[in-house]
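Some notes on the structure that comes next.
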Number of protein chains: 4
Amino acid sequence: MVGGMQIRTPACGPGRPGRPRSAAADTAILAATREALVELGWSKLTLGDVATRAGVAKTTLYRRWAGKNELVVDAVAELFGELELPDRGSLAADIEGVVLQFAAILARPEAKSGLMAAVAESTRDDALRERIRASIVDPQKDLVLEGRARAQARGELPAETDPAEAARTVDLIFDVVAGAVVHRTLVSAEPADEEWVRGFTRVLLQGLSPASAAPGPSDSPGTSDHSPGPSGD
Amino acid sequence: MVGGMQIRTPACGPGRPGRPRSAAADTAILAATREALVELGWSKLTLGDVATRAGVAKTTLYRRWAGKNELVVDAVAELFGELELPDRGSLAADIEGVVLQFAAILARPEAKSGLMAAVAESTRDDALRERIRASIVDPQKDLVLEGRARAQARGELPAETDPAEAARTVDLIFDVVAGAVVHRTLVSAEPADEEWVRGFTRVLLQGLSPASAAPGPSDSPGTSDHSPGPSGD
Amino acid sequence: MVGGMQIRTPACGPGRPGRPRSAAADTAILAATREALVELGWSKLTLGDVATRAGVAKTTLYRRWAGKNELVVDAVAELFGELELPDRGSLAADIEGVVLQFAAILARPEAKSGLMAAVAESTRDDALRERIRASIVDPQKDLVLEGRARAQARGELPAETDPAEAARTVDLIFDVVAGAVVHRTLVSAEPADEEWVRGFTRVLLQGLSPASAAPGPSDSPGTSDHSPGPSGD
Amino acid sequence: MVGGMQIRTPACGPGRPGRPRSAAADTAILAATREALVELGWSKLTLGDVATRAGVAKTTLYRRWAGKNELVVDAVAELFGELELPDRGSLAADIEGVVLQFAAILARPEAKSGLMAAVAESTRDDALRERIRASIVDPQKDLVLEGRARAQARGELPAETDPAEAARTVDLIFDVVAGAVVHRTLVSAEPADEEWVRGFTRVLLQGLSPASAAPGPSDSPGTSDHSPGPSGD
DNA sequence: GCTTAACCGAGACGGTACGTCAAGTCTTGTT
DNA sequence: AACAAGACTTGACGTACCGTCTCGGTTAAGC
C-alpha cells in the first residue's frame, strides 16, 4: 500500500510466532480516518474517534501508527495513489490532464484538511516530512519525469544534456505546478477548474512576457495578434 | 497593525469609560506567540504558554482573540508586513527581488509552522480564511498589482484591456508565485535561494517551451516553434 | 475535616489570589467515594466514576488528592470520626460500648472494602501509612487513653508509674482490640455482635487462664496460678 | 498443595488425552508471584509480568487461575503452610512460639502485600473468602485446636463441656491472636517481636484487670506485689 | 478626589483528548 | 491438548489544555 506504514515492522515474515495482524484493520482504519477528516477536519479529528469508526480498539491504532500525523499521511496518500498520466497527445494536454486530476483530488475535503496540516507539522518533524515525500510527493514527481520523457519522445522538449540541471528543473516544475494548484485551492479558495488550468498551462509553457505570447490552447490560432496574451506583472 | 484583531471591538471610541486595554500587552502577546511557534511549532503551542511568556493572564488573551488560529494569523501577519517592492529597474529584477523577500520570510520557522497550519485550519473556517486573506494575502497581491503597473509604465507589459481578465491573470500569477515558493520551502524543504529564484523567474516569464527560449524578455522570437532552446525540463 | 487532605495545601490564606476552591466539592467527592465503595468495592472503584457521581470533573479530584488511596482513606476516616466514648460507669461497659461502635462502623461495606485495601497498600507506601495513622488510627488510640484515664479515676486501674511501659501497653491494647474486631469482621466474616463483644471483653479483662476466672473484675483471686477455673477455651 | 487451585480440574486422570500440564509451571508461577509481590506489591503486580518471570505464556496462567486474587492467595498460602506447633511445655510457651512464627511470616513483604489485599477483595467475593479460609485460615485454626488439646492434656485448661461454646471460644481466640498480630504488623507497622509477644501472651492469658495480675513470664515471680501489672484502659 | 466601569493577575472549574497500561480473549504455529 | 507468542477489545489510568468562571485588586476617565 504505502510502505513503511507500520510503526516498526515486527519481522513481518510469515513464519513469525504469535497471532498475525489483521489486514482488514488497516483498510478500515484508513477509511475511517478519511471519513473523520471530511466530517471533522484535522484539528478536531481524534484517534479515539477514528478507532471507534473503524470498529477497532485505540491500542490497535497506536500499535501501527506513531500518531495522528503518520496516520493522516497514510490515509491521504491513498488518495493521491489514483493519479495517472494518460497520453493525451501533447505536452500541454498532458499537463492539463494531470493538473486537473491533481486539482480534483485536492478539492476533496479530506485531502485539503489532512495534507496541509501534515505539511505544517512536517516543518518540525523530519521523519514526517520524509514519510510525506516517500508516499505522496515522489510518486507525483515520477509523473513529471514520465511526462518529460514523453514530450521528449514527441520532440516537444529537447533531451537534457546535464543530468543535475535536469533534476533541478524537474524539481522546479514540480514546485510550480503543485504549489500553484495548492495555493489556488487552499489559499485563494477558488476551484482549479478547466479554465484556470488552461490559463496556468499557458503561463507554464509560454511564460508571461508578451514576447513569448503564442496562442493558448483555448484561443483560435492565428488571432494572437489582437489577443492581449497572458498579461500580468 | 493588522486590523480586526480584537475579538470584538468593545466600543473602541476614545471617550469610552473604564480602564483602557494595555497596548503593550498586544505587542508582548504577538511576540510571545512567534517565540512559541519557533520553539514548539503550531501543534504544541498552547495559549496558556503564550500567556505565560507574555507575562499576561490567559483571560487577557481570550479577551482579545477568539482562539489559537486567530492569534497565530495575526502574529504571522506582522512578519509579512515587512514585504516591499523596491524598483529594481526591470520586471524580472522586481520579481526576483520580491520573491526573495517572500522566501526569506517563509524560511523563518515561525512563518513555516504558523502559516501552513492556519491555512489548513482555514479549509474548514470561512472567517479564518477571510482573516488570512485580509491580513496576509491581499497585501501581497497589492504588490503584484504594483509590479504590473510598474512594468506597464516601463513598456514591459501591455496595458490590460479587459479588467476582468486582468484580475484573473493577477490571481493566477499570485497563485503561481506564492504557491511555488511555499511548495519549495515547505514540501520540498529546499531553500528558495537566489539560484532557484532566477530559474523560477525565467520560467515564469518565458515558460518551458523552447519557443519562448529567448535570452531576454524583450527578445522577439517566433522564429521556430520547435527549435530546441536552452530552457525546458 | 480530615487534615492534610489536599495534595498540597495551596497557601490557604484568605487573601490568596485566584478563584477559591469549592468547599462543596470536597463533601460531594467524599460522599461519592463512599457510595462507590459500597456499590463497587475498592478494586472496581474508579476516580472517573467518583467524579461523575460527585458532579465534579476528574481533574478537580486529581487536584486535591494524589490518588485512589488517599481519597479512600479520607472518605473512610470520616466514618471513624463518629466514634465516641460515653461514660457507661465501668471499664468493662466502656470497652463493650466502644468496641460495639467500632464494630458497627466496620460492618458497613464502605469501611470494610476501603480500610483493608488502604492498609494493604500502606505496606508499600509510608506516606499513606502515615495518613492512615493520623486520620484514623491516632484518634482511636486517643479513645483508649481516655478510657484508661477514666478507669484510673474510678480506681479500676492503678496509675501508671513508667510512662514508656504505659505507652507500650496502650499500643498493645489497641492492637488487640482493633485487630480482633477487624479479624472477626473481615477474615472470619462473622458479625462482632453484642454476644461476641461480651466474650471478647471478658477475655481482654480476665484472660484465658482459669486463675483469672472470677465473676467480676474487682474480684481478688490470686489463690492459685494454676488451678483450673470455669473460663478459658 | 493448596487444593482447588485449578480453575477447573480438567479430568486430571492420567489417561487423559492431549499434552499433560507442566508440573513445573505451577511451582514457577507461584514463586514468580511471590517474587513480584515483594518487588511490586499487590497493586502493581500484573499477570503478564508474573508470566514473564515464570517463563510461561499468559494463557497458561489463565488456564489455571481465574485471576489475580486466586493466584495471590495460592502463592501466599504456601508461606503459611510452614506454620507448626512444637510442644514447648506450657500453654504460654506454645502460644508465644506459634505467634512468633505467625509474626515472622507476616513480616515478609509478600505476605503483607498479598494477604491483606486478598482479604480486602474477599469482602465482596464469597468464593475468594472461602478460598482464603480453606487454604490459609482453617489450617491456622487447627493449630489453636491442637494447642487447646495439649493444654487440656497438661491440665492447664479444663475439658470443654458445651461443644458449641467451645467452638465459639476457639474462634474468639483465633480472631484475637491473628487480629492482634496483623494489626501490630500492618497498621501499627511495628515488629511483633519477642518482647511484644510476651506482653501479648500475658494479656491473653491473664487479662488487663489488676485482679488477675499474675507475674508475667518476663517478670521475676514473687515481686508481683509492687509491679503494677499490665495496666491500660 | 471620588466614583465607576473596565481592565488585570491568578487560579479553580467542567470537559475532552491524549498516549499508556493491564485485563482477559483469541488466533496462530509448535511441541 | 497444552504450549509460547503476540495481536486483539475493553476500559481505566494520570496528564495537559481547553475555554469559562470567579475572585481581589488596579487603572484611568469623568463627574
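Tabulated data for the structure shown
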read-out	value
Shielding by other protein chains, C:193-201, mean Cβ within 10 Å	2
Extension reserve of the A:GLN140-A:ARG63 stretch, reckoned as 0.36 nm per residue once the Cα distance is removed	24.8 nm
Protection-proxy order for peptides B:25-37, A:149-161, C:65-77, each taking the mean of Cβ atoms within 10 Å per residue, highest first	C:65-77, B:25-37, A:149-161
Set of region A:96-117 residues, backbone N closer than 16 Å to the point 7 Å along the Cα-Cβ line of A:VAL38	A:104-115
Label-point gap, in nm, between C:ALA127 and C:ALA24 - each point 7 angstrom along Cα→Cβ	3.1
Cβ-based net charge around D:ALA103, under 11 Å, with every Lys or Arg adding one and every Asp or Glu removing one	-2
Other-copy label distances relative to D:GLN140, 7 angstrom Cα-Cβ extension, nm	1.6, 7.3, 7.8
Other-copy label distances relative to B:GLY89, 7 angstrom Cα-Cβ extension, nm	4.7, 12.1, 12.1
Number of partner chain Cβ atoms within 10 Å, mean per residue of C:72-84	0
FRET E, pair C:GLU190, C:ALA164, Förster distance 35 Å, beta-carbon r, rounded to 0.05	0.45
Of all chain D residues, the one whose C-beta is nearest the axis that brings D onto A, in angstrom	D:THR59, 4
Euclidean distance between Cα centres, region A:67-99 to region D:150-192, Å	84
Cα Rg, Dmax (largest Cα-Cα span) when computed across region C:23-75, Å	9.5, 28
Listed residues D:ILE136, D:TRP196, D:SER122: farthest to the positive end of the dipole of region D:77-212 (Cβ charges)	D:TRP196
Calculated label separations, A:PRO20, copies of the chain, 7 Å along the beta-carbon direction, nm	3.6, 6.7, 7.3
Cβ crowding within 10 Å averaged over residues, with C:183-192, A:185-194 ranked highest first	C:183-192, A:185-194
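No lab work stands behind these numbers, since they all come straight from the coordinates. Small disclaimer: the values here were computed from a predicted structure and weren't measured. Positions of Cβ are generated from backbone atoms using ideal geometry, with glycine treated the same way; all protein chains shown enter the neighbour counts.
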